[in-house]
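Here is the structure we will look at, set down as C-alpha cells.
The values are calculated or read from the model by the stated rules, or taken from the named source; none is laboratory data. The structure presented is a predicted model; accordingly, all values stated were derived computationally and were not measured. Cβ coordinates were reconstructed from backbone atoms using ideal geometry, including for glycine residues, and neighbour counts include every protein chain displayed. These accessible areas exclude ligands, DNA and RNA; they are computed on the full protein's heavy atoms, side chains included. Shrake-Rupley method; radii C 1.70, N 1.55, O 1.52, S 1.80 Å.
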Amino acid sequence: MGWLFLAAPSFIPVIYGEKWIPTILPLQIMCLSGLFDSFTLLFTPMLQARGWVGNQARRKGLYLAILAGAVYAGIEWGIIGVAIGVAVASVVHLALMMSITVSRLPMTVWQFFGAMRSPFVYSLIMLGIVMGAKWLAEPIYGVHSPELLIIVSALAPITYLGSHFLIRFKDVDDIINELLGGLKKVLRKVPVIKNMSFVQKKRST
C-alpha cells in the first residue's frame with residue numbers, strides 16, 4: 001500500500017493514460033483504506049478460532065451499514081468523497097474488530113501494534129527513502145513520468161528488504177528461515193536437484 005500510494009502519480013498515467021489522472025488522489029485514499037483493512041484481516045481467523053462468529057457477524061453488519069452511509073454521504077463530493085467514506089468506514093471496521101479481540105483476549109491494543117513493530121519500522125524507512133528519491137527526481141523527470149515510476153518501484157522493495165538486513169528483527173528472521181527451510185525440502189524432492197552431488201553429500205553426512 002505504501003508503494004502504490006507513492007507510485008500512484010506516475011503509475012496511473014503511465015499504465016492507464018493521462019485521462020485517468022483525476023483518479024490519482026482517490027487511489028491514494030483507497031491505499032490508506034487498504035492499509036487499515038490489512039490489519040482488520042488479522043482478526044478474522046482469531047475470532048473464528050475462538051468461536052466468536054456471532055460477535056464478528058454483528059460487527060460486520062454494523063460496518064456494512066456505516067460503509068453504506070459513508071459512501072452515500074461522500075457521493076456529494078464525487079469519487080474523492082466516496083473514497084474518503086470508504087477509508088473512514090475501514091477505520092471504524094478496524095476499531096470494531098479490535099474492540100472484541102481486546103475485550104475477550106488477554107491482549108491490549110499496544111501489544112497488538114507492538115507485534116507489528118517490524119513491518120511498521122521497515123515501512124517507515126522505505127517511505128522515507130522513496131519520498132526523498134521522489135523529491136529529488138520529480139524536477140528532473142516529471143511527476144507523471146515512467147522514469148519516476150521505475151525509480152519508486154525499484155527503490156520500494158530494495159529499501160524494505162534492505163531495512164531488514166540492517167535491523168534484523170527476530171520475528172522476520174524466523175519467518176524467512178521457515179520459508180527457506182520449506183523451500184529446501186521441496187527442492188530436494190525435485191528429481192534433477194536431489195541427484196546433484198552436493199545434495200547427495202549432505203545426505204550422507
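Structural remarks
- The chain: C-alpha gyration tensor shape, a/c 1.5 cut-off, then a/b vs b/c: oblate
- The stretch between Leu124 and Glu76, if pulled fully straight at 0.36 nm per residue, gains 13.9 nm over its current Cα-Cα span.
- Virtual spin-label span in nm between Asp174 and Leu62, 7 Å along Cα→Cβ: 3.2 nm
- Based on protein heavy atoms only, the range 97-167 ends up with 60 Å² per residue of surface accessible to a 1.4 Å probe.
- Percent accessible area from carbon and sulfur atoms, the chain, protein chains only, probe 1.4 Å: 72 percent
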